[in-house]
Each structure stands twice: as C-alpha cells, then as structure tokens.
1. Where residues in the stretch 87-137 are at negative phi and over 40 Å from the mean Cα position of the chain (by Cα), which of them is modelled with the lowest pLDDT?
2. Tell me, yes or no, whether the stretch 91-110 has at least one residue that is acidic (Asp, Glu) and open to solvent by 70 Å² or more (accessible area, probe 1.4 Å).
3. Within the stretch 223-240, which residues are surrounded by fewer than 20 Cβ atoms within 10 Å (Cβ to Cβ) and at negative phi?
4. Search the stretch 130-155 for residues that are of a type in the set (Ser, Thr, Tyr) and pair each with any residue that is modelled with pLDDT of 85 or more and surrounded by 11 or more Cβ atoms within 10 Å (Cβ to Cβ) when their beta-carbon atoms are under 7 Å apart and the residues are at least 6 apart or on different chains.
5. I'm told Ala173 meets every condition in (1) crowded, with 20+ Cβ neighbours inside 10 Å; (2) closer than 19 Å to Leu116 by Cα except one. Can you identify the failing condition by its number?
6. Test of understanding: among Arg360, Arg318, Arg368, which residue is open to solvent by 90 Å² or more (accessible area, probe 1.4 Å), assigned to a helix (DSSP H, G or I) and under 27 Å from Gly297 (Cβ atoms)?
7. Going by the conditions given, is Val165 touching a strand residue (DSSP E or B) at 6+ places or on another chain (Cβ under 6 Å) and either open to solvent by less than 60 Å² (accessible area, probe 1.4 Å) or under 19 Å from Phe58 (Cα atoms) (or both)?
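The values are calculated or read from the model by the stated rules, or taken from the named source; none is laboratory data. Because the structure is a prediction, the values reported are computed rather than measured. Positions of Cβ are backbone-derived with ideal geometry, glycine not excepted, and every protein chain shown enters the neighbour counts. For accessibility, only protein heavy atoms count, side chains too; no ligands or nucleic acids. Shrake-Rupley method; radii C 1.70, N 1.55, O 1.52, S 1.80 Å.
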Amino acid sequence: MRRIDPLAMAAVGLFALLAALAVATGGTGATGSGPTLRRSASIYDDSPGGASVLRRYFEAVGRTVVAVRGERFAPTDAGVTTLFLLGTTDPIEPADLAALHDFLRAGGTLVIATDLGLNERRLLDDFGVPVRSGISAGAVSGPIAVHTAAFAAPPVRSIEVDLGVALAPREDATTLVSVAGSPVVALGSEGRGRVFAVGSLAPFVNSTIGLADNGRFALALAGAAARVGFDEYHHGARPAPDLSAILTQTWLGRALVAAFALAFAYLALTGRRLGPPVPLDPRPPRSSLEYVRGLAGLARRSGHGEIARRRLRDDLRRGLAWQSGLDPRTDFERVADSVAAASPERAAEARRLDAALAGRLRGDALVRVANDVARLIHPEEAT
C-alpha cells in the first residue's frame with residue numbers, strides 16, 4: 001500500500017478548516033433593525049417591541065441621537081455622554097464590558113434596561129445592581145409611583161410596566177423606584193460616572209412609552225446630555241465577520257497563517273519536491289541530418305520550393321561557367337554553347353536541367369534534379 005505524504009494530509013486538513021471558516025462567516029451583513037424578537041428595543045425597530053418612537057421623541061426635544069455600532073464596541077469614541085443599553089440581544093463580551101467601564105470612568109452615564117436580565121446579568125453584577133434571584137425574585141408589572149427628586153426634570157410621577165424583574169442593589173448602590181418592596185430602578189456609580197439600572201423595557205418601547213410618564217422617565221434618565229447614544233452594537237448592528245478578519249483578529253486565524261508560513265519556509269529552504277521525481281529524457285541527442293531533414297520539411301510545407309530551385313539553378317550556371325573558363329555572370333546560352341563545343345550531350349543535359357529548375361517541381365522530382373546537377377557539374381565524383 002502506497003504511503004500517504006504527511007504534508008499532503010496537513011494541506012488537506014488546513015484547506016478543509018479554511019473552507020469551514022469561510023462558510024461559517026459567509027452570512028449576511030448587519031442590518032439596522034436588529035434581530036426579529038418580540039421586544040428588540042432597537043431604535044430602528046418600528047414594531048411594538050422596538051424603540052423608534054423614543055428615538056424620534058429625543059430628536060423632537062433637540063437631542064442628537066447617536067447609534068453606537070460598528071466593527072467593535074467603543075462608546076467612548078462615539079462622542080456621547082449618556083448611553084442607553086436597552087435589552088441587549090447579543091452577549092456582552094469581556095472586551096465590551098471593559099469598554100463600558102472606561103466609559104463610566106470618563107464621566108459618562110449608562111442606562112441599562114432589561115426584561116429578563118439574561119445577557120445583562122454580568123454587567124449588572126459588575127455595577128452593583130444585579131437582578132434579584134432566589135425566593136424573593138419575582139416579576140414586576142403594573143403602574144409604579146415615583147417619589148424621588150432624581151426624576152424631577154421633567155417631573156415623573158409614575159411609570160407603567162407590563163413586564164419586568166426586581167433588582168437587588170448592593171450597599172454601594174441606591175434604590176430610586178420600587179414597588180411592594182421590590183426595587184425596579186437603582187443607581188450605581190463607578191469613577192465619575194453613573195449607572196441607572198431599570199428592571200423593565202416598558203418605559204422605552206413603542207407599545208408602552210405613551211403610558212403614564214414613561215416618556216418623561218426616559219428623558220429624565222438622559223439628563224442634560226446634548227448627544228445621547230443607543231447601543232445598537234449588541235442588537236446586531238455590526239458588519240458580519242469576513243475571512244480576512246478571522247485570519248488576522250483571532251488566535252485560530254493567526255495560527256493558520258503561521259502554519260502556512262512555516263510550511264512554505266520549510267518547502268523553500270529544503271527544496272522538497274511535492275511529488276515523485278521526474279526522470280530525465282532518455283532519448284539520444286539529434287544528429288545534424290535530422291535537423292537538415294526537419295528544415296527541408298518546413299520549407300516543403302511552407303510552399304516556397306523556389307528557394308531550393310533558385311539555389312540549384314545558380315549552382316548549375318556558375319559551375320558550368322567556371323569549368324568553361326567564363327565569368328559566372330555570363331549569359332547561360334553562351335555558357336551552354338561553350339559546353340556544346342566540347343560535348344553536345346552535356347550541353348543538352350544542362351539546358352534540360354535549367355528548364356526544369358525554372359518551373360515548379362514536386363519533392364521527389366526536385367531530389368532527382370539535384371542529383372543530376374551534381375553529376376553534371378562534378379562528373380568525377382559521380383563515377
């Protein structure tokens with residue numbers, strides 16, 4: 001059984017892996033509306049679960065709405081002082097969490113709203129306002145009175161929630177709004193920044209923003225910020241990763257590039273062939289006669305036989321003139337008459353050959369005429 005080259009197996013494996021990565025990253029690009037969930041809370045979603053009404057509300061009161069999205073999550077670079085993170089549908093990666101910490105340390109205000117606290121759980125834990133769990137956990141719904149000066153501009157007397165969760169603020173956080181002893185809105189801090197945690201998306205989504213003072217509540221959370229940011233990055237508003245990004249921005253991709261580079265360097269430095277050796281041509285070198293025959297064949301196939309006829313005719317006339325002691329440029333009839341004085345038969349043969357070379361000849365006839373010319377000019381060699 002023939003042994004399989006390990007280099008070939010490695011090449012096939014790497015190719016299969018690259019093909020799998022290309023297929024895995026060949027999805028469609030990002031859209032502005034986010035995933036088709038019941039409550040996406042995306043500012044581009046006009047459905048009852050979207051937050052497009054909130055975006056238009058902020059723009060109507062003179063605020064500049066900025067969608068934080070792109071190839072990476074960078075709220076600090078967006079130029080906003082308040083960032084709404086409403087119902088993230090994509091997981092929050094460690095790098096995104098670090099970016100939010102940097103945003104708060106720079107003095108930003110972060111508003112986190114969630115219905116279930118799934119993707120935001122680690123984020124809320126980091127800022128000291130986790131979702132309540134255990135026996136005391138429960139759903140929150142209905143109208144909720146607001147009795148805090150934190151939401152006095154514009155004044156907020158109540159908010160209405162259709163679905164939400166209770167929070168469990170730690171000692172370094174402050175409960176701002178609660179219902180039946182269950183905190184619904186809490187305030188945390190980090191550095192110079194503030195974190196508002198809201199246990200429901202109801203005050204922000206299209207279907208319920210008009211209930212009670214929900215719209216004013218959202219505006220109060222934005223404070224006096226002239227530029228208000230909304231996290232659309234975690235709603236899927238980012239370019240789909242392509243193959244080049246995976247190869248250059250992931251450890252697996254960098255490992256593949258390094259493996260290809262090492263394999264190429266190995267092949268280049270060792271001169272290793274990628275197949276069985278090719279034997280040298282065992283045929284002997286060609287003789288000069290083969291080249292002559294090949295050239296004659298080319299001349300014959302080209303249809304320019306007059307070249308050979310003209311050369312033979314010149315050889316015939318010059319040879320006879322030289323033998324008769326005449327100038328090679330002498331007219332052929334004078335040369336023939338001079339030859340006839342010594343040998344009429346030879347002169348007649350010369351006239352016959354000259355006339356034959358003046359017309360077209362087939363290949364075999366040309367060979368016979370060439371032999372006759374050689375015998376006529378050099379009779380001693382023919383004998």
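1. That would be Ile135.
2. yes
3. If the condition is that a residue be surrounded by fewer than 20 Cβ atoms within 10 Å (Cβ to Cβ) and at negative phi, then Ala224, Ala225, Ala226, Arg227, Arg238, Pro239, Ala240 are the ones that fit.
4. These pairs meet every condition: Ser141/Val161; Ser141/Asp162; Ser141/Leu163; Ser141/Gly164; Thr148/Leu176; Thr148/Val177.
5. Going through the list (1) crowded, with 20+ Cβ neighbours inside 10 Å; (2) closer than 19 Å to Leu116 by Cα, Ala173 breaks only (2).
6. Arg368
7. yes
So that you can scan it fast, the table gives a plain yes or no per residue for (1) within 20 Å of Ile43 (Cα to Cα); (2) assigned to a strand (DSSP E or B); (3) open to solvent by less than 10 Å² (accessible area, probe 1.4 Å):
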| residue | (1), (2), (3) |
| --- | --- |
| Ile144 | no, yes, yes |
| Ile159 | no, yes, yes |
| Ser189 | no, yes, no |
| Asn206 | yes, no, no |
| Gly210 | yes, no, no |
